Amino acid sequence: MSLFEKKKKLIQDLIRSGYVKNELYIEAFMKVPREKFVWPGYEEEAYIDTPLPLGNTGQTISAPHMCLYLLEALEVKVGDVVLEIGAGSGYQAALLAECVAPSTVDRSLWGHVYTIEIRPELAKFAKENIAKTGYSDRVTVIQGNGSLGYPPNDPTERYDKILLTASAPDVPPPLLKQLKKGGILVAPIGKGYFQELIKVVKLESGAYKRMFLTTVAFVPLRGMYGWREYDEEL
Ligand code: SAH
């Protein structure tokens, strides 16, 4: 089976299993080449529904079903300005970019994706992947500690959507501040191998509505508002 055939079969399976429904997200999946975001040597495994290791960093590119489920949870739409904490390979950021700024839509309507990565070697990897797949105009990769938001500790309500792809003890307060009213934040919360994926909606009143979505397995968030015990590994 060619990579394209594997990709088509995978999306059909994921639609059937209910992980993705929105046509915008299905098209984004078909457009973004996951084989160009996996670590060199894993290209043939790009369309198997599994997380894959990012070199020897101990970090992973999430499984395709999880990447699509996160788009549904965030209710991403054209024009959204999105912040992702944990760029990793840059793949989720590229999927987000295809949703908020599809190539078929006039540029004046485009949103933008900001993605932060704490590990310098992965920030470089994500940046290269985003550049070679043509998303540099829609995705900004930043090296730093994303739990402080971007710009760090800035109090402006600037993002429509915020996604954490590393698990935190709780939602970092600077991220809630940077969420616009009506905005949505999705994050894995908790310690250990499994965590709770939660969705937080910032209401027009400024209050927050918090919902449990499902159980997930993400790598830990580091730095301030993350799990400080992992910091010495950096
Ligand atoms: N979304 C990625 C996968 C993320 S894995 C993809 O599509 O490939 C989680 C990533 O979060 C790891 O690369 C890890 O280094 C990063 N990370 C952990 N703590 C962080 C922090 N405080 N700020 C930014 N990135 C962080």
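Numbers for the structure displayed
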{"item": "The chain: most fluctuating residue of GLU35, GLU44, GLU128 per GNM, C-alpha cutoff 10 Å", "result": "GLU44"}
{"item": "Descending principal axes extents, the chain, alpha-carbon based, whole Å", "result": "49, 42, 32"}
{"item": "Cα-based equivalent ellipsoid, region 1-74: semi-axes from gyration tensor eigenvalues, Å", "result": "20, 15, 10"}
{"item": "Exposure proxy order (Cβ contacts within 10 Å, fewest to most) of ASP160, ASP137", "result": "ASP137, ASP160"}
{"item": "Rounded FRET efficiency, nearest 0.05, which uses the C-beta distance separating GLU229 from VAL105 and R0 of 35 Å", "result": "0.20"}
{"item": "Length-normalised contact order of the chain in % [C-alpha pairs under 8 Å, at least 6 apart]", "result": "14 percent"}
{"item": "Computed Rg/Rh of region 91-155, alpha carbon atoms with Kirkwood Rh", "result": "1.00"}
{"item": "Rel. contact order, % - alpha carbon contacts under 8 angstrom, at least six apart, region 1-117", "result": "24 percent"}
{"item": "Debye log10 I(q)/I(0) at q = 0.15, 0.21 Å⁻¹ for region 158-208, Cα point scatterers", "result": "-0.37, -0.68"}
{"item": "Residue-count net charge about ASP49 - beta-carbon cut-off 13 Å; Lys, Arg +1, Asp, Glu -1", "result": "+3"}
{"item": "Residue with peak Gaussian network fluctuation, the chain [Cα springs, cutoff 10 Å], from SER89, SER17, SER167", "result": "SER17"}
{"item": "Region 100-234 - Debye-derived log10 I(q)/I(0), Cα point model, q = 0.13 Å⁻¹", "result": "-0.61"}
{"item": "Violating pairs (Cα-Cα greater than 28 angstrom) within the set LYS36/LYS161; LYS77/LYS132; LYS132/LYS191; LYS132/LYS199; LYS77/LYS127", "result": "LYS132/LYS191; LYS132/LYS199"}
{"item": "Residue-averaged 222 nm ellipticity for the chain, from DSSP H runs of 4+ at -39500 (n - 2.57), nearest 500", "result": "-8000 deg cm²/dmol"}
{"item": "Listed residues LEU109, GLY18, PRO53: farthest to the positive end of the dipole of region 1-139 (Cβ charges)", "result": "LEU109"}
{"item": "Taking region 66-180 and dividing mean pair separation by its residue count, relative contact order in percent (alpha carbons under 8 Å, at least six apart)", "result": "30 percent"}
{"item": "Proxy reagent accessibility, fewest Cβ within 10 Å first, across THR215, THR104", "result": "THR104, THR215"}
{"item": "The chain - share of DSSP beta bridges that are antiparallel (%, nearest 5)", "result": "45 percent"}
{"item": "Choice from LEU109, LEU185, LEU95 with maximal GNM fluctuation in the chain (Cα, 10 Å cutoff)", "result": "LEU109"}
{"item": "Sequence of THR214, THR57 once ranked by neighbouring C-beta atoms within 10 Å, starting from the fewest", "result": "THR214, THR57"}
{"item": "Efficiency of FRET between ALA207 and MET1 - r from beta-carbon atoms, R0 35 angstrom, step 0.05", "result": "0.10"}
{"item": "Region 47-151: Rg to Rh, with Rh as the Kirkwood radius over Cα pairs", "result": "0.95"}
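The numbers here are math on the coordinates, done by the rules we state, and not lab data. Since the model is a prediction, treat every value here as computed from it, not as a measurement. As a convention, Cβ positions derive from the backbone with ideal geometry for all residues, glycine included, and neighbour counts pool all protein chains shown.
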